[in-house]
Structure formats: C-alpha cells, structure tokens
C-alpha cells in the first residue's frame, strides 16, 4: 500500500483550521457595528489611481469622481508605462478641472506600488483614497466616507467591494458570490479586530501613509501595506455601508491570469514575513484572511476524489495509511459551508442560490490551476488585468 499520510494529514488539518475560522468569523459578523464619533473637521480627499492601458475605462472613472456631492477633493492619475491612449483620454476628461491632475509616468520599474508612490508627495489632502481605474461609485461616496475620518480614532478604512458586471455571465456571477462572502463574512467578522485591505476603495490618513514609507512595489502591494499596519497595531476599519464597484474578469483566461498574480504575491509576502508569523503563529490570521481564495472546498473535493480513486484502484480503504478521509468530517464541513453560503446569498442576492453547487463543485477548482500557473508570474505589468468598461 502507498502511504499518503504526508499529504492527507496536513491538508486535513488545514481544512479543519479553515472550517473553524469560517464559522468563527461568520458568528462574529452578527455583532459588528459601525460606531463613529465626530471630533475632527471634514477632511479633504486626495484620490489617486495608477493605470496602465485603461483607455476604455479612464473617462468613466474620472466622470464618476466629478459627480461627487462632496466637493473637497482632488484627483491624481498616474498613467504608468501605457501603450495605448489612456493619457490622452485622461487629459481630455480633466479639461476645466484644476483639481484633476494627470501624470504620464514612465519609470524603468513598472508596478502599481511604484506608480502610487509617485503620487504621494504630490497630494495635498488629509486622506489618500486609492481606486483602480475600472471602479464605479455612487455620488454620495465621499460624503459617507468623510464621516469615518471625522473620527480621530480611525486611521484607515476599507469599503465593501462589489461587482459592477456581476450578472454578465457565469464567470462574473461566481466572483460576485465570492466577494459577497468575503465582505459579509471575513471583513465584517473581523470588524472589531481590523479588517484587511482589498487594494481598491481603500482610504488612509496621508501623514500615516508617509510615515509608513508608502507602498512597496510588490505583486500585491495591498497585503504588504496591511501587514506593516498590523505590525504597528493600526487597525483598518470596515465600511459596510459604502460600496466600491469594480469590473470582474469575464472569461476564464482573464480570471486565471489575474489570480495567478494574486497567489504569487501572497506567497511572496508570506515568505518575506515568515519570521513574523513563526514568532507568533496566531498572526497567521492576518495572512489567512487574504488567502480565502485558496478555498477549503477545493481541499475537500481533492481529498474526497483521491479517496474515491484509491478505493477504485485498491478495492478499499487502508486506515493504516491515513488516506481515508472520514466521511462524517467531509459531509459536516461541506454542510456547514453550504449553510453559511446559503444564508449570505439569501440576504444579499437570492437569484444566486441556485449557483451554489456550481460554485462549490466546479468554480472552486480554478484555484488549483491558478496555483500551478502562479510560478510563471514575473511582474505586475505582465499580468495586469485589462478592463473594457461597462456598457450601461
């Protein structure tokens, strides 16, 4: 018989840890409340975005900023090593607005972190607000966000993320479900302890960001900044009442191309901070929040399928090799996750409930492909997601 305990025991342990984490955060999400005090004057926002080859969405993005009812803002756009007409489109849309500044930046080091850092010293606002150029927001977005930063105890805020094209096709629907789970479970569940950073729809006090040294040019610059904030004991507030909409990839190829950069970046950050996690294993919860994408359901499916193959080849289970994955634990984990998912979709988008089986038994497996392909990722520029804009 083949001894596969080296694989089944660790993955089984990971599944149990993930299961407890999901249930704990789901429980905590019921007790999250946004309590704000107002002891500071209304802030000025410096809205910044780094874009590369975004000529199809840059006009739409600048237009939604112009329509904000809250007027104390400036917009700085860094067009980073673009090969299309993003810069020209941005200039056209900024005509007549002194508060909108467009920069054509072509450094040898290409990356979102580098481009955002280029803008920091050019900002004048109290709060730096980061967007991706495909984002769409409501006209009262800045007004609602300003209320958070009138509270002197709040230094950084992450807004909720949603899909502007969620119902486009099956690929975008799965991502919409994913982000509903992430925001309503992870972000809200961790509200008291400080949530994570999603890389867009994120605001931070300008002086704090400068003291932190800005962003680093990582594949996932948001996770890197988040961990540095955690090391200083600075919490990120979750604004569940403010939505940042973005354009989700609409094809499997684009989705995998985007997420292989995420995974490569997450693994890179993990190993660069390995001593931080080893010195206190409980700190892994900060990293695990972002690796929700390595879905525990994928682990469940792989283990159960391997068990089935083992049975077909050898005619039974060998308990001595610990290959057998207890059916009760498998069914229990699957049932618990299904209940949580059903509850969230029932509250947020009932039409998605029918997609639960596809989400769990098909979509989750794309992460396996992503993990294998992430080893070929080199830079942000080579794996930058190209947006085409939403026709409304």
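Scanning segment 196-218 for residues that are within 14 Å of the chain's Cα centre (by Cα) and either surrounded by fewer than 20 Cβ atoms within 10 Å (Cβ to Cβ) or outside any strand (DSSP E or B) (or both) yields 196, 197, 198, 199, 200, 201.
Scanning segment 71-86 for residues that are under 27 Å from the mean Cα position of the chain (by Cα) and under 25 Å from residue 206 (Cβ atoms) yields 73, 74, 75, 76, 77, 78, 79, 80. Listed by first and then second residue, the pairs with beta-carbon distance under 6 Å, at least 6 apart or on different chains, first residue in segment 236-254 and on the phi > 0 side of the Ramachandran plot and part of a strand (DSSP E or B), second modelled with pLDDT of 95 or more and crowded, with 24+ Cβ neighbours inside 10 Å, form an empty list.
Among the conditions (1) at pLDDT below 90; (2) in contact with a helix residue (DSSP H, G or I) (Cβ under 7 Å, 6 or more places away or on another chain), residue 242 misses just one, which is (1). Look at segment 65-112 and say how many of its residues are in contact with a helix residue (DSSP H, G or I) (Cβ under 8 Å, 6 or more places away or on another chain) and either modelled with pLDDT under 90 or assigned to a strand (DSSP E or B) (or both). The total comes to 18. So for segment 5-23 (the condition being surrounded by 16 or more Cβ atoms within 10 Å (Cβ to Cβ), in a strand (DSSP E or B) and either over 23 Å from the mean Cα position of the chain (by Cα) or at pLDDT 95 or above (or both)), does at least one residue qualify? No; the residues of segment 5-23 include none that is surrounded by 16 or more Cβ atoms within 10 Å (Cβ to Cβ), in a strand (DSSP E or B) and either over 23 Å from the mean Cα position of the chain (by Cα) or at pLDDT 95 or above (or both). Within segment 81-95, is even one residue in contact with a strand residue (DSSP E or B) (Cβ under 6 Å, 6 or more places away or on another chain) and closer than 21 Å to residue 126 by Cβ? No, the conditions are met nowhere in segment 81-95.
A single member of 135, 140, 117 is within 26 Å of the chain's Cα centre (by Cα) and surrounded by fewer than 18 Cβ atoms within 10 Å (Cβ to Cβ), and it is 140. Residue-level check: of (1) touching a helix residue (DSSP H, G or I) at 6+ places or on another chain (Cβ under 8 Å); (2) more than 30 Å from residue 42 (Cβ to Cβ); (3) not in a helix (DSSP H, G or I), residue 154 misses just (2). Hey, can you tell me all the residues within segment 274-293 that are surrounded by fewer than 19 Cβ atoms within 10 Å (Cβ to Cβ) and either at pLDDT below 80 or part of a loop (DSSP other than H, G, I, E, B) (or both)? Listed by number, the residues that qualify are 280, 281, 282, 283, 284, 285, 288, 291, 292, 293.
Scanning segment 88-107 for residues being surrounded by fewer than 20 Cβ atoms within 10 Å (Cβ to Cβ) and under 23 Å from residue 199 (Cα atoms) gives a total of 6.
Looking across segment 89-98, the residues that are farther than 13 Å from residue 133 by Cβ and in contact (Cβ under 8 Å) with a residue 24 or more places away in the chain come down to 92, 94, 97. The set of residues in segment 47-64 that are touching a strand residue (DSSP E or B) at 6+ places or on another chain (Cβ under 9 Å) and not in a strand (DSSP E or B) comprises 52, 54, 57, 58, 60, 61, 62, 64. Filtering segment 144-167 to residues that are surrounded by fewer than 16 Cβ atoms within 10 Å (Cβ to Cβ) and farther than 29 Å from residue 230 by Cβ leaves only 167.
The values are calculated or read from the model by the stated rules, or taken from the named source; none is laboratory data. Just so you know, these numbers come straight off a predicted model, no measurement behind them. When we count neighbours, we look across all protein chains shown, and the Cβ atoms used for this are built from the backbone with ideal geometry, even at glycine.
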